[in-house]
Number of protein chains: 2
Amino acid sequence: MSRNASLTPLPGSCAACAVRPFALFRVVPQARVGEIARVRSGVRLVRAGEAIHDSIFTLYAGWAFSWTATPDGRRQVLDFHLPGDLVERSEDGAEVEALTDASFCILARDRLCDFMGRDPGLAMSYAEGLTRDRARLRERLTSLGRRDAAGRVAHLLLELHGRLMRRGGADARGAAVPLKQAHLADALGLSVEHANRALAAMRKDGIATLNKGRLEILDREALEDMAGWSGPAQPGVLARTLAV
Amino acid sequence: MSRNASLTPLPGSCAACAVRPFALFRVVPQARVGEIARVRSGVRLVRAGEAIHDSIFTLYAGWAFSWTATPDGRRQVLDFHLPGDLVERSEDGAEVEALTDASFCILARDRLCDFMGRDPGLAMSYAEGLTRDRARLRERLTSLGRRDAAGRVAHLLLELHGRLMRRGGADARGAAVPLKQAHLADALGLSVEHANRALAAMRKDGIATLNKGRLEILDREALEDMAGWSGPAQPGVLARTLAV
DNA sequence: CGCGGTATTGAAACGCATCAAAACCCGTGG
DNA sequence: CCACGGGTTTTGATGCGTTTCAATACCGCG
């Protein structure tokens, strides 16, 4: 019946959870893993494209993303969520949607707060996650503000590759990246057509390809150059200030 | 000797601090205000344009902003900091700079962590701040991704006005907003010239003015329209999906 | 009065959006 | 097995918003 990848079931116990080493509860020592169960209020499996309405959860398998609609019917992708990420719906109108078939653990906010109140390390882990989110948004803001289309695409691909790499979901040559070009475009403030052209250029130059849900990095150095600033010369701030 | 606004001295005691109601320590009850002193490692006064190297501080008076340089010598403003804001330098190369003459309380990270470990409410206050930062960045990301120049300027002015309003630093008609056009431009991914043209248009249409460090809102409704999406018709997502 | 930083204005060039259409891919059903 | 259909990717042509470059005007201050 499922014409799609099967929905990965979750492990019964948090102790065996494959993503916990990268997730909010990574700081909980083995001896107290049992307490996590009291914070979990359930699990859920969703299909690609479905909206997710749970207000806090940690993604176990699959990708998701947060986005907002603009009054003229376009959308802005705010962030991509990978396995192990804690996702928290914010009060503002942002939506969370499964990008692939996905499964996750729903958390109970009040019980999570209790736990964090008793365990400062957990509170710090939570804060670290927020800080990482913020750092990522700052980078992406810089992308949209100051990079051209090719640089934005290159930068986002490198960001995703790095995040996957850190949690063992990629090797140096590439990774499973199930994004459509429309996701890229909506995350980077580009039209789908232009995102396509940027990808086409990268492919033609043998730098990287994104195809059938897989990212291949053919020339990492060139990709990093592209994500840096392609601009000419690059004298550096000081030199530029002193020049003239 | 100072050709600039005087550097506002800080109050001796946190109990009397004018910005504490809006700051990290707002949650500390009067009876325990004394404990805050142990977290403060000093105060500092800086002039407009000076870089700030302290890693965590709460701004007491004046504005600051965080920014990164791009290899080609431009800059991206990541966030503006207002009195009461907790500012934390991140590991990435972002700089923090005083936008006006400013004064702030420097905090000791380890002692702050201790305090948060003992006081879950304080930890929550910290997390709230991070969450607000993130929400603001998301909004700005949406701006850069999907709004045109006029919309970006309008949106940022409204954001700043709202933040100032909430802490009693503005009235409905306007506020002190010491930004140069270059700050606006660098925050919004625009050239200075174009930011100027956007402001000029707003002025000509009697919507708002930004002049000599003061923002005047002449027609809030029009300003909000401009910050929404100026696009035509605005059928709404559903209507648009169903159309055709 | 003159200077440096800031704001303003104009003209030309460019990157990206938009519109339109074709190619492609894959699952579905005849 | 092949034709069909919807979603996605690709390609091309045209227009607009913004950048860039170049001057000029402005303003507070020494």
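Tabulated data
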{"read-out": "Residue list for region A:201-233, restricted to those being within 9 Å of DNA strand D (Cβ to nearest atom) and at positive phi", "value": "A:Lys212, A:Gly213"}
{"read-out": "Failed item in (1) surrounded by 15 or more Cβ atoms within 10 Å (Cβ to Cβ); (2) away from DNA strand D (no atom under 16 Å from the Cβ); (3) of a type in the set (A, V, I, L, M), with A:Leu99 passing the rest", "value": "(2)"}
{"read-out": "Among the candidates B:Leu86, B:Leu82, B:Leu141, residue that is closer than 27 Å to A:Leu78 by Cα and either within 7 Å of another protein chain (Cβ to nearest Cβ) or charged (D, E, K, R) (or both)", "value": "B:Leu141"}
{"read-out": "Out of B:Ala176, B:Ala182, B:Ala187, sole residue that is within 14 Å of another protein chain (Cβ to nearest Cβ) and away from DNA strand C (no atom under 12 Å from the Cβ)", "value": "B:Ala187"}
{"read-out": "Residue that is nearest to B:Asp148 (Cα to Cα) [pool: residues in region A:63-78 that are open to solvent by less than 10 Å² (accessible area, probe 1.4 Å) and modelled with pLDDT of 95 or more]", "value": "A:Gln76"}
{"read-out": "Residue within region A:4-22 that is open to solvent by 20 Å² or more (accessible area, probe 1.4 Å), under 24 Å from A:Ala185 (Cβ atoms) and among the basic types (Lys, Arg) present", "value": "no"}
{"read-out": "Any hit, region A:123-142, residues being in the same structural domain as A:Cys17 (by TED's automatic domain parsing), within 19 Å of the chain's Cα centre (by Cα) and within 16 Å of DNA strand D (Cβ to nearest atom)", "value": "yes"}
{"read-out": "Residue within region A:188-200 that is in the same structural domain as A:Leu164 (by TED's automatic domain parsing), loosely packed, with under 14 Cβ neighbours inside 10 Å and more than 14 Å from DNA strand D (Cβ to nearest atom) present", "value": "no"}
{"read-out": "B:Asp54 being within 16 Å of DNA strand D (Cβ to nearest atom) and among the acidic types (Asp, Glu)", "value": "no"}
{"read-out": "Looking only at region A:144-159, and only at residues there that are touching an Asp or Glu at 6+ places or on another chain (Cβ under 9 Å) and at the interface with chain B (Cβ under 9 Å from one of its Cβ atoms), the one that is surrounded by the fewest Cβ atoms within 10 Å (Cβ to Cβ)", "value": "A:Arg146"}
{"read-out": "Answer residue from region B:51-62, given it is part of a loop (DSSP other than H, G, I, E, B) and surrounded by 16 or more Cβ atoms within 10 Å (Cβ to Cβ) and is nearest to the chain's Cα centre (by Cα) among those", "value": "B:Gly62"}
{"read-out": "Helices (runs of 4 or more DSSP H) lying entirely in region A:141-244 (those with 2 or more residues that are modelled with pLDDT of 95 or more)", "value": "A:149-166, A:181-188, A:192-204, A:220-227"}
{"read-out": "Output for region A:23-48, where each listed residue is under 23 Å from the mean Cα position of the chain (by Cα) and surrounded by fewer than 12 Cβ atoms within 10 Å (Cβ to Cβ)", "value": "A:Gly42"}
{"read-out": "Matching residues in region A:89-117 - criterion: being part of a helix (DSSP H, G or I) and more than 8 Å from every other protein chain (Cβ to nearest Cβ)", "value": "A:Arg109, A:Asp110, A:Arg111, A:Leu112, A:Asp114, A:Phe115"}
{"read-out": "Residue, nearest to A:Leu144 (Cα to Cα), within region B:158-187, restricted to residues that are within 12 Å of DNA strand D (Cβ to nearest atom) and of a type outside the set (A, V, I, L, M, F, W, C)", "value": "B:Asp186"}
{"read-out": "Selected residue (criterion: farthest from the other protein chains (Cβ to nearest Cβ)) from residues of region B:160-173 that are touching a strand residue (DSSP E or B) at 6+ places or on another chain (Cβ under 9 Å) and charged (D, E, K, R)", "value": "B:Arg173"}
{"read-out": "Output for region B:36-59, where each listed residue is more than 19 Å from B:Gly129 (Cβ to Cβ) and acidic (Asp, Glu)", "value": "B:Glu50"}
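The values are calculated or read from the model by the stated rules, or taken from the named source; none is laboratory data. Computed from a predicted structure; not experimentally measured. Neighbour counts run over all protein chains shown; Cβ positions are idealised from the backbone, glycine included. When the accessible area is computed, the model is the full protein with side chains, heavy atoms only, and any ligands, DNA or RNA have been set aside. Shrake-Rupley method; radii C 1.70, N 1.55, O 1.52, S 1.80 Å.
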